[in-house]
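The values are calculated or read from the model by the stated rules, or taken from the named source; none is laboratory data. Here the structure is a predicted model, which means the values were calculated and not measured. We place every Cβ from the backbone using ideal geometry, glycine too, and count neighbours over all the protein chains shown. Surface areas here come from the heavy atoms of the whole protein model, side chains and all, with no ligands, DNA or RNA. Shrake-Rupley method; radii C 1.70, N 1.55, O 1.52, S 1.80 Å.
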Amino acid sequence: MSESEDGPQAGQEDSGDHALRRELYFFTLYRALEGALLVFVVFSPVAANMVHLEFPLLAQAAAICHLVAGLVLVVAAGQLRLRLPTQAALGLSLDIAIALLFFHVTDGIDTAIGLMMLVNIGAGALLLSLRSGLALAAVMAAGGMGEFLLTQLGQPDSSRDLVEAVMLAISYLAVAVLCHQLGRQMRETSQLAAQRGLDLANLAQLNELIIRRMRTGVLVVDASNQLQLSNEAAWNLLGQPSPTEQYLGTLSPTLSRRLADWQRGRPSASEALQLGVEGIEVIPRFAKLSASDGLVLIFLDDATLVSRRAEELTLSTLGRLSASIAHEVRNPLAAISYSAQLLEESPDLPATDRRLVEIILSHCQRMNGIIENVLNLSRRERSRPEQVDLSVWVQGFVDDYLASHVLERDQLIAAPPNRRLYAVVDPAQLHQAVTVLVTNALNYGRTPGQPARVTVSARQPLDYGPPVVEVTDRGPGIPAKVAANIFEPFFTTHEHGTGLGLYIARQLCEANQAALEYISVPAGGACFRITLAKSRSFGTPGTET
């Protein structure tokens with residue numbers, strides 16, 4: 001990307017310099033033409049009748065020197081050794097010197113040479129700064145006036161006119177100013193055009209990069225069904241065909257037929273279809289780019305991504321709706337539970353009715369658990385990670401859990417590491433996630449007729465790897481088919497389960513840049529592992545010696 005950005009900038013500088021050198025080149029060609037014309041004037045017998053040479057040898061030498069110098073400057077204009085203003089100043093100085101010399105050694109072509117020098121002064125002013133252009137124009141004007149005065153003193157009967165000399169002198173200065181302003185505007189316009197070209201080139205590169213990195217496949221097809229443009233996503237969706245194959249009918253006959261259906265106005269053109277060898281399901285969308293060229297833009301949306309977005313939107317909407325419903329259900333549910341508790345305390349309640357009251361209370365507690373989970377999920381606060389010493393945290397968690405829960409015969413064992421092990425996590429949300437895992441292990445991770453035995457441990461599997469917290473039980477384990485869905489919301493295999501515990505635990509872990517996964521234990525049982533973000537505050541990552 002950096003190389004492509006440097007390219008247009010370098011191109012802008014090169015184009016501006018190239019334009020100025022092209023102007024200098026034509027200026028030097030004009031100078032060489034002037035030299036050739038002067039050589040013709042001083043050597044041709046045809047011009048001898050029109051031009052009087054007072055010093056023939058000097059005029060011939062000057063004409064030859066001007067022609068040779070002009071040709072040398074033509075060659076030098078294509079070289080980069082001399083700076084462009086230096087070449088322009090040297091050439092214009094040579095022109096002024098030759099013109100003043102011819103004013104002195106010839107008679108009859110003074111006006112022609114003076115008018116010819118207007119072009120030289122103007123061309124030089126285009127390439128030079130205003131100060132340099134005016135200085136050289138002033139030298140030419142002063143030289144012309146000086147040569148006129150010397151001629152008048154030496155030859156009072158000369159044909160030259162004072163008004164003509166003054167008008168030429170003023171014209172030199174005026175042409176220098178006007179041509180310099182014109183050249184500056186031309187250069188500014190050229191620079192602005194080059195900058196706009198650079199902006200367009202950068203914008204084109206940006207658009208190309210965006211299209212190339214889009215997850216949506218993009219194709220451009222012409223009227224003959226030939227592929228004109230495609231991005232990486234479209235290439236992958238089409239099964240990574242050969243780059244030389246450009247005919248859409250060969251690349252994907254099904255997509256080609258859908259394009260024909262869209263052009264005929266059939267609504268079935270936008271239905272999902274399968275592309276490539278793997279049969280990836282995509283949803284095509286068509287748009288006409290140009291009516292004259294017949295170009296059609298085709299978007300290929302991966303149906304799995306669309307379904308995933310729809311599922312995320314549905315879950316988000318369902319979460320807000322469920323939270324609203326749960327809040328409204330909670331009050332009447334509390335009234336039912338409270339009434340059932342009062343009814344249970346009645347001494348005249350028959351045994352059969354007491355059993356019904358117990359069922360009511362049991363389901364009220366289950367419904368209240370579902371409501372609590374939904375509300376916790378909808379109003380979950382942002383994580384506030386901090387450095388936690390897992391060797392202390394594991395023992396503290398087990399002590400807190402045992403103090404607030406009666407386990408009877410079940411066992412909850414803490415297995416902290418034998419050294420300090422640090423992680424970055426929100427301790428409150430970690431406590432909530434591990435509580436869900438431990439509660440599930442105590443309820444479902446037991447062999448029939450045997451007490452549950454659950455272990456909460458923390459360790460660092462690799463020397464420089466992230467720390468993990470594991471909740472392990474010695475129960476029957478989880479079947480592979482069931483394990484694939486245990487983290488889905490509202491998925492449960494127990495009649496009294498809510499199906500939200502593990503889902504909420506994983507959401508809490510992801511909020512702390514941690515990962516929750518289920519690991520089958522070969523010897524029997526289940527293990528839920530939370531891989532945490534390691535702390536970098538100590539010499540050895542995650543540990544302190």
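Summarising the amide proton neighbourhood of Asp410: residues at separation of 5 or more, or on other chains, whose placed amide H is nearer than 5 Å comprise Ala452. If the segment from Glu408 to Leu162 were pulled out straight at 0.36 nm per residue, it would be longer than the present Cα-Cα gap by 75.7 nm. Probing with 1.4 Å while keeping every protein chain in the model, the per residue accessible area of region 399-443 equals 52 Å².
Tell me, in nm to one decimal, what length is gained between Ile325 and Arg215 on full extension, where the rule is 0.36 nm per residue of separation less the Cα-Cα distance? This chain segment gains 35.9 nm when fully extended.
Computed from phi, the 3J(HN,Hα) profile of region 166-182 under the Karplus parametrisation 6.51, -1.76, 1.60 (θ = phi - 60°) reads 5, 5, 5, 4, 5, 5, 4, 5, 5, 5, 4, 5, 5, 5, 5, 4, 5 Hz, with x in place of Gly and Pro. Amide H contacts for Phe55 (H built 1.01 Å from N in the peptide plane; partners 5 or more residues away or on another chain; cut-off under 5 Å): none found. Distance between the 7 Å Cα→Cβ label points at Gln263 and Glu372: 6.5 nm. Take each peptide in 235-242, 338-345, count the other Cβ atoms within 10 Å of every residue, and average; sorted highest first, the result is 235-242, 338-345. Scalar couplings 3J(HN,Hα) for region 501-509, obtained by applying the Karplus form with A = 6.51, B = -1.76, C = 1.60 to θ = phi - 60°, are x, 5, 4, 5, 4, 5, 4, 5, 5 Hz; x denotes Gly and Pro.
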